[in-house]
1. Is it true that D79 is among the charged types (D, E, K, R), touching a Cys at 6+ places or on another chain (Cβ under 8 Å) and not assigned by TED's automatic domain parsing to the domain that holds Y49?
2. Only one of (1) farther than 16 Å from L202 by Cα; (2) without any contact (Cβ under 8 Å) to a residue 40 or more places away in the chain; (3) crowded, with 17+ Cβ neighbours inside 10 Å is not met by R99, so which one is it?
3. Among E109, E122, which is at pLDDT 95 or above, out of contact with any helix residue (DSSP H, G or I) (no Cβ under 6 Å at 6 or more places or on another chain) and more than 17 Å from G221 (Cβ to Cβ)?
4. So which residues in the stretch 208-225 are part of a helix (DSSP H, G or I) and surrounded by 13 or more Cβ atoms within 10 Å (Cβ to Cβ), if there are any at all?
5. From the list A193, A189, pick out the single residue that is closer than 27 Å to S80 by Cβ and within 18 Å of the chain's Cα centre (by Cα).
6. Just to check your reading of the model, which residue among A189, A170, A174, A193 is of a type in the set (G, A, S), more than 17 Å from V135 (Cα to Cα) and without any contact (Cβ under 8 Å) to a residue 60 or more places away in the chain?
7. Looking at the structure I just gave you, is I226 in contact (Cβ under 8 Å) with a residue 40 or more places away in the chain, touching a His at 6+ places or on another chain (Cβ under 9 Å) and either assigned by TED's automatic domain parsing to the domain that holds P84 or under 21 Å from G116 (Cα atoms) (or both)?
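The values are calculated or read from the model by the stated rules, or taken from the named source; none is laboratory data. Values in this document were obtained by computation on a predicted structure and should not be read as measured data. With ideal geometry, Cβ positions are generated from the backbone for all residues, glycine too; neighbour counts draw on all protein chains shown.
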Amino acid sequence: MGAFPAIKMLTKPPHANNLAVSGDFGNQRDGMEDIAKFIEGFREFKANYFAEGRGPGRLLFDRLREGQRPKSLIIGCSDSRVDPAILFGCDPGDLFVVRNVANLVPPCEEGKGYHGVSAALEFGVLTLEVRHIIVLGHAHCGGIGALMSGQCAFSSAGFIENWMKIADGALEKAKSELPGGTPEELARACEQAAILVSLENLRTFPWIRARVDAGLLMLVGWYFDIEDGSLYGYSEETGRFELIA
């Protein structure tokens, strides 16, 4: 196994004290500005939640350091525009979050592979005993766009291409239901159908299905429209995504 790269101290703006990152940005000013922004953001977070005294932020982390007890688990997309905690105004400790390309859940598979999503589900359901699993999809999803264009092979490794095969059924559903649809209509239909695929795959995990059947766990499908900021929820009664907010 190769050694980890060395951690280098980089030239930085005066306000980014004690900045250490891996790699060498050289003169890439934009990259350094991002890192400085993140550190300033952390300082603000620390001031809000770890300041001396007994403010609400400090009291919150006094509780959280004893352990986390979130009631909801969110399967979200890795897309930088769709941060669940920001979208839903959550505090630290409110959500157990799993994010990946196109907010997909693979079917339950036994074996010794590296099952990241399945491991998170196992921990969230069996250890944290969450009461809701929310699959959060969104408009203009890059993963779904790649699936629809047939251009998921971004490298010879094929990680994205293989991952997006989970949503093949969503693409087929969108095409069959909208044979004359525009590219935009098909994309939206495929994005929403992919949420349903993930919901179906969640039920392939026996301990999830058992809790759903016992009324101890609720599976929810939400769709965030980046175009106008609307949130839609899937209704089993109508078979459609209905406007929530």
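1. Working: among the charged types (D, E, K, R): yes; touching a Cys at 6+ places or on another chain (Cβ under 8 Å): yes; not assigned by TED's automatic domain parsing to the domain that holds Y49: yes.
The answer is yes for D79.
2. Here R99 meets the rest and fails (1).
3. Numbers: E109 fails: at pLDDT 95 or above.
E122 is the lone residue from the list that is at pLDDT 95 or above, out of contact with any helix residue (DSSP H, G or I) (no Cβ under 6 Å at 6 or more places or on another chain) and more than 17 Å from G221 (Cβ to Cβ).
4. I208, R209, R211, V212
5. On the way: A189 fails: within 18 Å of the chain's Cα centre (by Cα).
Exactly one residue qualifies, and that residue is A193.
6. Details: A189 fails: more than 17 Å from V135 (Cα to Cα); A170 fails: more than 17 Å from V135 (Cα to Cα); A193 fails: more than 17 Å from V135 (Cα to Cα).
Criteria check complete, one pass: A174.
7. Values: in contact (Cβ under 8 Å) with a residue 40 or more places away in the chain: yes; touching a His at 6+ places or on another chain (Cβ under 9 Å): yes; either assigned by TED's automatic domain parsing to the domain that holds P84 or under 21 Å from G116 (Cα atoms) (or both): yes.
Criteria met by I226.
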